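Reading through the structure tokens given below for one structure.
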Amino acid sequence: MMQRTATLIVLAILLAGCGQPPASGTAITNVTVIDAVNGVRENQTVVFDGDEITAVQSSAADIAAAATIDGTGKFLIPGLWDFHVHLTYDDRFTDSMPALFLSYGITSVRDTGGLMRKVLPVVEKMRAAGAVAPRVFFAGPLLDGNFVVYDGESRPEIGVRNATPDDARATIRGLSAQGVDFIKIYEMVSPAVFDAMVETAQEHGLPIDSHVPLSLRASMAGPSVDSMEHLRNIEMDCAGNAPELHETRLELLKNPDGLSGADLRSSLHSLQRLPAIADYDEARCDRVLDTLTSTTQVPTLRLGALNLAPPWLKDDWQDALSRIRADAREDWTDASAALAENPSDEFTAFGEWAMFLIGRMHERGVPIGAGTDTPIFLAVPGYSLHSELELLVRAGLSPLEALRSATVRPAEYFSLQDEMGTIDVGKKADLVLLDANPLENIANTRNIAAVVSKGRFYSHDDLSDLIAAAHGRGK
Ligand SMILES: [Zn+2]
């Protein structure tokens, strides 16, 4: 395909009139442009040249470009973000993830947790000149407390211990020196460690991502951080007896029974989650949500509400599965069958709560980001972001607002809104060309005709080739 594009460019240069400077760039003509800031613009020509959008104008006016793509009847949206991924969580996926993301129109990802020795080489490869990969922003490890949930024992090792505020400061200084784009605070940190992490991250200009630490409440931690994940532990602050639940957690977090970090966390979730949801207090919860209007919520509904929208029931699920490695495909097929046969009531109850809470948050002006936790728990890289968009709409966002959560909002998180997130002159050339209107049905974001990533054009066939190549490497 690169050859095909190159041929077009050469032809156009040869055909350009004598005496005129040769036209450059690629024009997508007669297309309907949709983004979350400008809304809908019909009959547009969008030109990109290298990694920059150089023109957005009516197709009625002439414009010179080296290559032309006919966008008649199609819809152009900004490249999508998956705002919650783990590139190194499962080694079976790491090599193929960049190609899978691109094939589904994901042109930027935020990696929310991986050990530096594993994630750094992957990031370097993805950022190398000419790499076929989304833009990547990464946090390094989950910053946990005295007890670590992801310690490499019962769960993969992606967390690190920070027993004291001094530990926390040293960890973040080290991560900053190694170039992380943000930090990720996890659930077992103490209030003092949490404060030290926030302060040190701010000193280094790093955005902060966080779970709600179990030693705190959402309304205490939320205002200090820039994003929060999975809606987890917010239910405990929305309960009528939130202060008592908090007191109980503080006692149990002393860990009198000497549990592992993972078991200690699970025991607290089991003890408090469903009772808290059952004891929902709307007035209290509204006050909690009003503390979160500057904190992007990344609900990962496709994970939390998986029982409400089982991926294995979707008509393109087998196609999505065919894009991942055979061994993972077999595991996931077995896992899906087990889940379908034996759906957990607790899981369903949390899913219903998550959908409800996102609706409430959206109504009260809490910003929302679209992320999936891929490849964890049946999340095909790239594919799962489209499931997330559908669930956001089902929870109450308009299709355009759902697009905002996967474009403008992530860009704002990294203070990149002047460079990314909309289709405007001067923005980066990350685009997705769709065969159908995503505002009529958000599921139409799956109907991908072509993708532009870092100024490179990938036709539908090119994207299929990418997946095939990723398979070849991964098997
Ligand atoms: Zn995650």
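Just so it is clear, none of the values below were taken in a lab; they were calculated from the coordinates. Note that the structure is a prediction, hence the values are computed from the model and not measured. Here Cβ is always computed from backbone atoms with ideal geometry, including for glycine, and neighbour counts include all displayed protein chains.
To the nearest 20 Debye, how big is the dipole of region 218-357 about its Cα centre, given +1 on the beta carbon of each Lys and Arg and -1 on that of each Asp and Glu?
Computed charge dipole of region 218-357: roughly 320 debye.
Compute the acute angle (0 to 90°) between the alpha-carbon long axis of helix 460-474 and the principal axis of greatest extent of the alpha-carbon atoms of the chain; round to the nearest 10°.
Helix 460-474 and the main axis of the chain meet at about 50 degrees.
Across region 139-144, in residue order, what do the Karplus-derived ³J(HN,Hα) couplings come to in whole Hz, using 6.51 cos²θ - 1.76 cosθ + 1.60 with θ = phi - 60° and x for Gly and Pro?
9, x, x, 5, 8, 9
Using a 10 Å cut-off around each Cβ, can you sort 184, 314, 454 from fewest to most neighbouring Cβ atoms? Display every interim value, and only then the final one.
Working: 184 29, 314 17, 454 20.
The most exposed by this proxy come first: 314, 454, 184.
Mind listing the phi-derived Karplus ³J(HN,Hα) values for region 89-103, rounded to whole Hz, using 6.51, -1.76 and 1.60 with θ = phi - 60°, and x for any glycine or proline?
6, 9, 4, 5, 9, 3, 5, 8, 4, x, 5, 4, 4, 4, 5
Only bridges whose two residues both fall in region 48-207 count here: according to DSSP, what percent of them are antiparallel, nearest 5? Mind dumping the intermediate values first?
Values: 2 of 14 bridges.
Taking every DSSP beta bridge with both residues in region 48-207, the antiparallel ones total about 15 percent.
Under 8 Å for C-alpha pairs, at least 6 residues apart: give me the relative contact order for the chain, rounded to a whole percent. It would help to have the intermediate numbers written out before the result.
Numbers: 989 pairs, mean separation 95.6, N = 475.
About 20 percent, as a whole number.
What lysines sit close enough to residue 454 to cross-link, taking a C-alpha to C-alpha distance under 16 Å and skipping anything fewer than 8 places away on the same chain?
Straight-line reach from residue 454, under 16 Å: 125, 427, 428.
State log₁₀ I(q)/I(0) for region 369-435 at q = 0.12, 0.15, 0.23, 0.25 Å⁻¹ as given by the Debye formula over alpha-carbon point scatterers of equal weight, solvent excluded.
Ignoring solvent entirely, the Cα scatterers give -0.35, -0.54, -1.08, -1.15.
Please give the helix 242-252 orientation as an angle from the longest Cα principal axis of the chain, in degrees from 0 to 90, rounded to the nearest 10.
70 degrees
Order by neighbour count: 277, 63, fewest other Cβ atoms within 10 Å first, most last. If you can, show how the numbers build up before the last one.
Values: 277 20, 63 17.
Ordered by Cβ neighbours within 10 Å, fewest first: 63, 277.
Which angle between 0 and 90 degrees, to the nearest 10, do you get for helix 165-177 versus the longest principal axis of the chain when only C-alpha atoms count?
Once rounded, the angle reads 10 degrees.
Run the paramagnetic zone check for residue 259: 7 angstrom along Cα to Cβ, then residues of region 224-244 with backbone nitrogen under 18 Å.
232-237
Given 102, 112, 407, which one lies farthest toward the positive end of the charge dipole of the chain, if we put +1 on the Cβ of every Lys and Arg and -1 on the Cβ of every Asp and Glu?
My answer, from the dipole projection, is 102.
In which sequence would 194, 377, 457, 101 go, from the one with the fewest C-beta neighbours within 10 Å to the one with the most?
Values: 194 25, 377 16, 457 22, 101 30.
Neighbour counts put them in this order, fewest first: 377, 457, 194, 101.
In the chain, what % of DSSP beta bridges are antiparallel (nearest 5)? The partial results should precede the final answer.
Details: 26 of 54 bridges.
The antiparallel fraction comes to roughly 50 percent.
I'd like the Karplus ³J(HN,Hα) series for region 148-153: coefficients 6.51, -1.76, 1.60, θ = phi - 60°, whole numbers in Hz, and an x wherever there's a Gly or Pro.
10, 6, 8, 9, x, 8
Amide H to amide H, which residues 5 or more places from residue 136 or on other chains are under 5 Å from it, using H placed in the peptide plane?
Counting only residues 5 or more places away or on other chains, the set is 109.
Can you give the FRET efficiency for residue 341 and residue 91, using 1/(1 + (r/R0)^6), R0 = 30 Å, r = Cβ-Cβ distance, to the nearest 0.05? Spell out each step's value before the answer.
Values: r = 29 Å, r/R0 = 0.95.
Approximately 0.55, to the nearest 0.05.
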